[in-house]
Amino acid sequence: MVAPLEQAFRDQWGRVLATLIGLLGDFDLAEEAAQEAFAIAARRWPVDGTPDNPGAWLIATGRNRAIDRIRRDRALAAKTRRLQAPEAAEVEMDDTTIFPDERLELLFTCCHPALATEAQVALTLRALGGLTTAEIARAFLVPEPTMAQRLVRAKRKIAAAGIPFRVPPAHLLPERLDAVLAIVYLIFNEGYSGRGHLAAEAIRLGRALAELMPDEPEAQGLLALMLLLDARREARFRGDDLVLLDDQDHTLWDATQIEDGRTVLDRALALHGHGPYVVQAAIASLHADRPRDWPQIAALYSELSRQTGSPVVELNRAVAVAEVEGPSAGLAIVDSIDLDDYRYLHSTRGEMLRQLGRTDEARDAYRRALDLVHDDAERRLLKRKLAELAG
């Protein structure tokens, strides 16, 4: 069972921080206030009990701590006037809303075009997703100090430029769409690796974006992609162990969610969508078929690789090509990809080498992947692969 405070952090971090940013107009001050509120909760809730409305309690506590700090610094007294709002304890947090406005405001604030796209994505992952700097750095395949500097610069730029905390007018939404979709997908991927609350958060956000921008095929495509992938979630783990797609129990897949994803994909295709998220959703839909149409999957990955130029996409194309033409053809593609610090490149290479009977090289590849892994379930999977080679 998840402890009440841990559950509150999963459910409420994005809401609490977004509300405090709206009240305070300052990212750093709001983040410190949110962290203080959770720290106070860690001390009080075990003694006093969990409040009936944890989110409102955290907002009230964070707001009051921020007011205390501002009042102590008389140079910032003008900011206190901005806080003359109804008591935060009275804030209504409607859990039935698809995606509360304050979090949309935070999302679009972070995605202001004055910020570089990578800074937009990183800042929102930190603010909305509650990811640590180290987790965001891993998502971007950069060192943690580099990511920390990006986050600091992004916050300073928002403050210096006076970027407003609000959802922009409808005619300005498309210019922020790429960054917004990238953020949502990164949050989903972090959740898909085992933190299910983040995946659910990303899907809620994706539904809201699809509703907010109904004529944007890529918004529909991303929602379809997340629904189709998330439909396999119950089958991806057996206990604490990760289960690869080919080994999953298909009866555990959510058939209703797969159909929902395909319905949304049809909507994207009806809008003449052919961008990266629509293509990925089409691939995910094909992966839900048995038998799978590997030539079509390989063709779609070729198109996706052409669109994105992404080495990660090229790695996925290699897997599909190996299914169609054999492991030697796939391995030739893998060996042309420059992603030495990417664990999945080495685990994929290890599998292809194993299929070719090149056991010693396969063992070295799996060991390299093991050196790079951060997730315990993936670590156990790689150790099982190594044990199978030894056997």
D (µm²/s, integer) via Stokes-Einstein for segment 105-181, Kirkwood Rh across alpha-carbon pairs, 25 °C, 0.890 mPa s: value 196
Karplus ³J(HN,Hα) for segment 310-326 (6.51 cos²θ - 1.76 cosθ + 1.60, θ = phi - 60°; Hz, whole; x = Gly/Pro) runs 7, x, 5, 5, 4, 5, 5, 4, 4, 4, 5, 4, 4, 5, 8, 10, x
For the chain, the Debye formula with one identical point scatterer on each Cα and no solvent gives log10 I(q)/I(0) at q = 0.08, 0.09 Å⁻¹ as -0.48, -0.60
Rounded to whole angstrom, the alpha-carbon centroid of segment 335-361 lies from that of segment 195-220 at a distance of 34
Amide H contacts under 5 Å for residue 242, restricted to residues at least 5 apart in sequence or on another chain and with H modeled in the peptide plane, are 381
Taking the alpha-carbon centre of each part, the distance from segment 230-271 to segment 170-187 in Å is 24
For 298-306, 7-15, ranked highest to lowest by mean beta-carbon neighbours within 10 Å, the order is 7-15, 298-306
Computed on Cα atoms only, the convex hull of segment 352-391 has an orientation-averaged projected area in nm² of 2.6
FRET efficiency (residue 114, residue 389; Cβ distance; R0 35 Å; to 0.05) is 0.10
Expected unfolding gain across residue 149-residue 249 under the 0.36 nm per residue rule, minus the alpha-carbon gap, is 31.6 nm
Measuring from its Cα centre, the chain shows a charge dipole (+1 at each Lys and Arg Cβ, -1 at each Asp and Glu Cβ) which, in debye to the nearest 20, is 1260
Here the gain from full extension of residue 274 to residue 53, 0.36 nm per residue of separation minus their alpha-carbon distance, amounts to 75.2 nm
Per the rule of 0.36 nm per residue minus the C-alpha distance, extending residue 256 to residue 178 adds in nm 25.2 nm
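Only the coordinates and a few stated rules stand behind these numbers; no lab work does. Treat the numbers as computed from the prediction; the structure is a model and nothing was measured. In this analysis, Cβ positions are derived from the backbone assuming ideal geometry, glycine residues included, and neighbour counts consider all displayed protein chains.
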